[in-house]
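Values in this text are rule-based calculations from the coordinates and carry no lab data. The structure presented is a predicted model; accordingly, all values stated were derived computationally and were not measured. Note that we place each Cβ from the backbone using ideal geometry, even for glycine, and neighbour counts take in every protein chain shown.
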Protein chains: 2
Amino acid sequence: MPKIVDHEKQRHIVAQAALRVIQKFGLEQATVRNIAKEAGLSVGSMRHYFSTQVELFAFCMGLYAQRVQNRVAELTVEKPFLPDLKQLLLQFLPVNEERTKEIEVWFLFNAKVMIYPELKKVSEEMQNGLYRTAEFVIETLVESNLAKSGLDAALEAEKLYALVDGLAIHQLMQPGRLSPERLEYLLDQHLSSLCIREEESPRLS
Amino acid sequence: MPKIVDHEKQRHIVAQAALRVIQKFGLEQATVRNIAKEAGLSVGSMRHYFSTQVELFAFCMGLYAQRVQNRVAELTVEKPFLPDLKQLLLQFLPVNEERTKEIEVWFLFNAKVMIYPELKKVSEEMQNGLYRTAEFVIETLVESNLAKSGLDAALEAEKLYALVDGLAIHQLMQPGRLSPERLEYLLDQHLSSLCIREEESPRLS
């Protein structure tokens, strides 16, 4: 009897092996041979799961994008909003070992997007995820009447999107530049700066 | 008589050829053979100028860092300060074809920093250049009494540094995401948001 193989499950096993190889040795070492060895599969069987290296890379990037999206989807946002909104943004920042590894590998993949246009779609998916999160944060401030009057929501969403990606890249390039506490403080301060301050809030007298 | 060769000048010629190859075909095509051809030199002569590819890459990155630093050093900052401070920040953003190409190649090199630690120093040099510029912008606002009272200068410098790099990367990954005018408007708005607003300025009455 032929062995029944769960194709999709095997693709995940191969992709997880690829990610371990990339995290340990960089993209240059993500060869079919090395990934097969890490996955405990024969080199020959690899082509059943991914016909090209780029297809495998795109799948790996998709796994990361999905992981971040799942974390964001699991969070709830309730009063007082600011701490919860900050938690949403922290999902995209290297504040612990897991997220640091994610962002490191993500950065390596992104450098390949210019060479392999096939990776562009999944790269944009992640970027849109962060942009929509930034947009959601600003909209929540506006809709809950926390935002300063006259706040330009579209512009602030764009700024927040750039700020978070800029912080992520700086933390990646210079690990420990900002402590996790300082990074959280920075986001607290930024969100507060968009909100009505006490002296501006409507007075009862 | 032996031919007299200006070694440093030749290094610049080789590096400029390398940058043209990289801009056109990506880092993967920056082989000794291709660069020699572009520079109009023999493959064998290349090793007189750069003993390794990484040494050449580091030199190229240094040229870019120097170019940006020269542009920043040439600018003057005078009253009213905000437009001049914005100009300083724009030197790090892809607002025209020249700077877009610079940042594209810079991004490609940076993806190699994790693999070649020799590139780390020159990468940090450029990053420090942007950070010091951000710091200078904030300090100028504070020292000219334009900044809001209680402004956390160190935190705002860090935010501005991340904001500019985030914007640069987004423009690179999604060219035309923000028009040059929108990018300038965003910086105008950000700098203004750090300044005293009219209703807060000291009253004469």
Plugging the Cβ-Cβ distance of B:D188 and B:K120 into 1/(1 + (r/R0)^6) at R0 = 30 Å yields, to the nearest 0.05, a FRET efficiency of 0.30
Sorted by chain and number, the residues with a modelled amide H under 5 Å from that of B:C195, at a separation of 5 or more or across chains, are B:K148
Shape call for chain B, from the Cα gyration tensor axes a ≥ b ≥ c (a/c under 1.5 means rounded, otherwise prolate when a/b beats b/c, else oblate), comes out prolate
Quick calc, chain B, dipole around Cα centre from Cβ unit charges on Lys, Arg (+) and Asp, Glu (-), nearest 20 debye, gives 1000
Stretched fully, the stretch from A:Q87 through A:V43 gains (0.36 nm per residue minus C-alpha distance, one decimal, in nm) 11.6 nm
Residues other than B:E102 with Cβ under 11 Å of its Cβ, Lys/Arg counted +1 and Asp/Glu -1, net out at +1
Per the charge dipole of the protein assembly as shown (beta-carbon charges, Lys/Arg positive, Asp/Glu negative, Cα centre), the residue among B:F92, A:A36, A:L163 reaching farthest to the positive end is A:A36
In terms of the alpha carbon gyration tensor, root eigenvalues a ≥ b ≥ c, rounded if a/c is under 1.5 and otherwise prolate when a/b exceeds b/c or oblate, the protein assembly as shown is oblate
So, in nm and shortest first, the distances from A:T31 to its counterparts in the other copies, with label points 7 Å along Cα→Cβ, work out as 1.7
Summed over the other residues with a beta carbon less than 14 angstrom from that of B:T31, with K and R at +1 and D and E at -1, the charge totals +3
Low-density loop trypsin sites (Lys or Arg not before Pro), the range B:46-124, at most 11 other Cβ within 10 Å, DSSP non-H/G/I/E/B, are none
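Report the local net charge at A:A157: Lys and Arg +1, Asp and Glu -1, summed over other residues whose C-beta lies under 14 Å from its C-beta. Don't skip to the answer; put the middle values down first.
On the way: positive: A:R132, A:K159, B:R177, B:R182; negative: A:E135, A:E139, A:E143, A:D152, A:E156, A:E158, A:D165.
For residues surrounding A:A157, the net value is -3.
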Taking a ≥ b ≥ c as the square roots of the eigenvalues of the Cα gyration tensor, with a/c under 1.5 meaning rounded and otherwise prolate when a/b exceeds b/c and oblate if not, the range A:1-51 is prolate
Ordered by number, the trypsin sites (Lys or Arg not before Pro) in the range A:152-198 that occupy a DSSP loop and have at most 14 other Cβ atoms within 10 Å are A:R197
Residue by residue through the range A:45-61, the couplings from Karplus 6.51 cos²θ - 1.76 cosθ + 1.60 with θ = phi - 60°, in Hz, x for Gly and Pro, are 6, 4, 5, 5, 9, 9, 7, 9, 5, 5, 4, 5, 4, 4, 5, 4, 4
For A:E143, inter-copy label-point distances (7 Å, Cα→Cβ), nm, shortest first, read 4.6
Sorted by chain and number, the residues with a modelled amide H under 5 Å from that of B:L151, at a separation of 5 or more or across chains, are none
Summing -39500 (n - 2.57) over every DSSP H run of at least 4 residues in chain B and dividing by its residue count gives a helix-only mean residue ellipticity at 222 nm, to the nearest 500 deg cm²/dmol, of -22500 deg cm²/dmol
For the range B:1-108, listing GluC sites (Glu not before Pro) in a DSSP loop whose Cβ sees at most 16 other Cβ atoms within 10 Å gives B:E78
For the B:N96, A:E74 Cβ pair and Förster radius 51 Å, calculated FRET efficiency rounded to 0.05 is 0.75
With +1 on the Cβ of every Lys and Arg and -1 on the Cβ of every Asp and Glu, the dipole magnitude of the range B:1-51 about its Cα centre, in debye rounded to the nearest 20, is 100
Once the in-chain neighbours fewer than 8 apart are removed, the lysines whose Cα is under 22 Å from A:K121 read A:K101, A:K112
To the nearest 20 debye, the protein assembly as shown has a Cα-centred charge dipole, built from +1 on Lys and Arg Cβ and -1 on Asp and Glu Cβ, of 1940
